[in-house]
Amino acid sequence: MDIQEIETSLNNPDFQYRLKAIAALKDYTPEVAVPLLTSKLHDDEFLVRTFVARELGKHQTAESFAALLEMMKFDNTPNVRAEAANSLSLFGKVAASHLVFTFCQDDHWLVRRSILPALVELECPNELYEVCIEGLAGDDAGVQETAVNALATLAQTSQQDAALSKLLELVNSDSQQIRFQVARALKHFDSPQAKAALSQLRQDPDHQVVAAALENLV
């Protein structure tokens, strides 16, 4: 699709044409693609904005970074904010502090469950630990479980002791799913405390937790 076709399609009332035009911009340089993508930051159709967020991550410029920040912080649709967070993480560790800020400000589960694995990939232990604690303090069970899984990745990092300490606190959680995830996470920590906690979880009243603790016990 040539640029004239793309520009025409971007203004088509049928959003399917706009989606195809946005996808076609992958074949163009950032100088050409980014201004056209950012012209649709406030498109009425959330799928269009989602596609814009996805494509902006492939064109890494200061303008696209700023546009993704705006989308992640201010878009009214969680899917768009989550996609913007994913794309922002592709810029590397420079995005970490912005992801932490959004995680603390935006309690929607989809946004938070996008940011947690993104920070794992960025290998930013301090920032990751911060959002794990924030996620565990929230009300969403899925985010809490994702946070426990993320704590496991902090073994062998500067936040290893803090992560293990938090996992040990969760051994007696009222949630069976949290205890299950804790049993899986503890296998990454080679310490007497982790092994003792796994021994305790082998006596858990829930058979799935017991199975996880048995499987992971070294």
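The values are calculated or read from the model by the stated rules, or taken from the named source; none is laboratory data. Computed from a predicted model, the values in this text were never measured in an experiment. Reconstructed Cβ throughout: ideal geometry from the backbone, glycine too, with neighbour counts over all protein chains shown. In case anyone asks, the SASA skips ligands and DNA or RNA and just uses the protein heavy atoms, side chains included. Shrake-Rupley method; radii C 1.70, N 1.55, O 1.52, S 1.80 Å.
So if I check each of Leu122, Leu128, Leu167, which one is open to solvent by less than 50 Å² (accessible area, probe 1.4 Å), aliphatic (A, V, I, L, M) and in contact with a Lys or Arg (Cβ under 6 Å, 6 or more places away or on another chain)? Working first, answer last.
Values: Leu128 fails: in contact with a Lys or Arg (Cβ under 6 Å, 6 or more places away or on another chain); Leu167 fails: in contact with a Lys or Arg (Cβ under 6 Å, 6 or more places away or on another chain).
Selected residue: Leu122, the only one of Leu122, Leu128, Leu167 that is open to solvent by less than 50 Å² (accessible area, probe 1.4 Å), aliphatic (A, V, I, L, M) and in contact with a Lys or Arg (Cβ under 6 Å, 6 or more places away or on another chain).
Which of (1) in a helix (DSSP H, G or I); (2) surrounded by fewer than 17 Cβ atoms within 10 Å (Cβ to Cβ); (3) among the hydrophobic types (A, V, I, L, M, F, W, C) is the odd one out, the single condition Ala33 does not satisfy?
Status for Ala33: all satisfied but (2).
Would you please name the residue that is modelled with the lowest pLDDT, looking only at residues in the range 1-29 that are over 26 Å from Pro78 (Cα atoms) and outside any loop (DSSP other than H, G, I, E, B)? Spell out the reasoning first.
Here is the first cut: in the range 1-29, the residues over 26 Å from Pro78 (Cα atoms) are 1-8, 27-29.
From the residues that got through so far, the ones that are outside any loop (DSSP other than H, G, I, E, B) too are 3-8, 27.
Values: Ile3: 95, Gln4: 95, Glu5: 96, Ile6: 96, Glu7: 96, Thr8: 96, Asp27: 89.
Among residues in the range 1-29 that are over 26 Å from Pro78 (Cα atoms) and outside any loop (DSSP other than H, G, I, E, B), the one modelled with the lowest pLDDT is Asp27.
Those residues that are of a type in the set (A, V, I, L, M) and either surrounded by 15 or more Cβ atoms within 10 Å (Cβ to Cβ) or on the phi > 0 side of the Ramachandran plot (or both), I need them from the range 94-108; list them, please. Spell out how you get there, then give the answer.
Here is the first cut: in the range 94-108, the ones of a type in the set (A, V, I, L, M) are 94-96, 99-100.
Listed by number, the residues that qualify are Ala95, Ala96, Leu99, Val100.
For the range 176-201, name all the residues that are surrounded by 14 or more Cβ atoms within 10 Å (Cβ to Cβ) and either assigned to a loop (DSSP other than H, G, I, E, B) or of a type in the set (Phe, Trp, Tyr) (or both).
Phe180, Lys187, His188, Phe189, Ser191
Can you tell me which of Ala185, Ala194 is within 17 Å of Gly135 (Cβ to Cβ), at pLDDT 95 or above and within 28 Å of the chain's Cα centre (by Cα)?
Working: Ala194 fails: within 17 Å of Gly135 (Cβ to Cβ).
None of the other options fit; the residue is Ala185.
Could you list all residues from the range 109-119 that are more than 16 Å from His98 (Cβ to Cβ) and either surrounded by 22 or more Cβ atoms within 10 Å (Cβ to Cβ) or aliphatic (A, V, I, L, M) (or both)?
Result: Leu110, single match.
Going through the range 143-159 one residue at a time, which ones are over 19 Å from Val171 (Cβ atoms) and open to solvent by less than 20 Å² (accessible area, probe 1.4 Å)?
Passing the criteria: only Val143.
Can you find a residue in the range 66-84 that is in contact (Cβ under 8 Å) with a residue 24 or more places away in the chain, more than 19 Å from Ala162 (Cβ to Cβ) and not in a helix (DSSP H, G or I)?
Looking only at the range 66-84, we keep the residues that are in contact (Cβ under 8 Å) with a residue 24 or more places away in the chain, and these are 67, 69-73, 75, 77-84.
Okay, now just the ones that are also more than 19 Å from Ala162 (Cβ to Cβ), so 67, 69-73, 75, 77-84.
Remaining after also requiring not in a helix (DSSP H, G or I): 75, 77.
Yes, some residue in the range 66-84 is in contact (Cβ under 8 Å) with a residue 24 or more places away in the chain, more than 19 Å from Ala162 (Cβ to Cβ) and not in a helix (DSSP H, G or I).
Does Ser89 satisfy being open to solvent by less than 30 Å² (accessible area, probe 1.4 Å), among the hydroxyl-bearing types (Ser, Thr, Tyr) and over 30 Å from Glu169 (Cβ atoms)? Lay out the reasoning, then the answer.
Working: open to solvent by less than 30 Å² (accessible area, probe 1.4 Å): yes; among the hydroxyl-bearing types (Ser, Thr, Tyr): yes; over 30 Å from Glu169 (Cβ atoms): no.
For Ser89, the condition - open to solvent by less than 30 Å² (accessible area, probe 1.4 Å), among the hydroxyl-bearing types (Ser, Thr, Tyr) and over 30 Å from Glu169 (Cβ atoms) - is not met.
Can you go through His59, His42 and tell me which one is open to solvent by less than 20 Å² (accessible area, probe 1.4 Å), part of a loop (DSSP other than H, G, I, E, B) and over 24 Å from Leu151 (Cβ atoms)? Spell out the reasoning first.
Numbers: His42 fails: open to solvent by less than 20 Å² (accessible area, probe 1.4 Å).
Of the residues listed, the single one that is open to solvent by less than 20 Å² (accessible area, probe 1.4 Å), part of a loop (DSSP other than H, G, I, E, B) and over 24 Å from Leu151 (Cβ atoms) is His59.
With respect to Lys73, determine if the residue is in contact with a Cys (Cβ under 7 Å, 6 or more places away or on another chain) and either under 20 Å from Glu127 (Cβ atoms) or aromatic (Phe, Trp, Tyr) (or both).
Working: in contact with a Cys (Cβ under 7 Å, 6 or more places away or on another chain): no; either under 20 Å from Glu127 (Cβ atoms) or aromatic (Phe, Trp, Tyr) (or both): yes.
When the stated conditions are applied, Lys73 does not pass them.
Of all residues in the range 202-218 being open to solvent by 40 Å² or more (accessible area, probe 1.4 Å) and among the polar types (S, T, N, Q), which is nearest to Leu154 (Cα to Cα)? First the steps, then the outcome.
In the first step, residues of the range 202-218 are kept if they are open to solvent by 40 Å² or more (accessible area, probe 1.4 Å); the result is 202-203, 205, 207-208, 211, 214-215, 217-218.
From what is left, the residues that are among the polar types (S, T, N, Q) are 203, 208.
Working: Gln203: 26, Gln208: 24 Å.
For the range 202-218, the residue satisfying everything is Gln208.
Among all residue pairs at least 6 apart or on different chains, which show Cβ distances below 8 Å where the first residue, located in the range 37-54, is farther than 10 Å from Met71 by Cβ and the second is open to solvent by 30 Å² or more (accessible area, probe 1.4 Å) and among the aliphatic types (A, V, I, L, M)?
From residues that are farther than 10 Å from Met71 by Cβ, the pairs are Phe51/Ala23.
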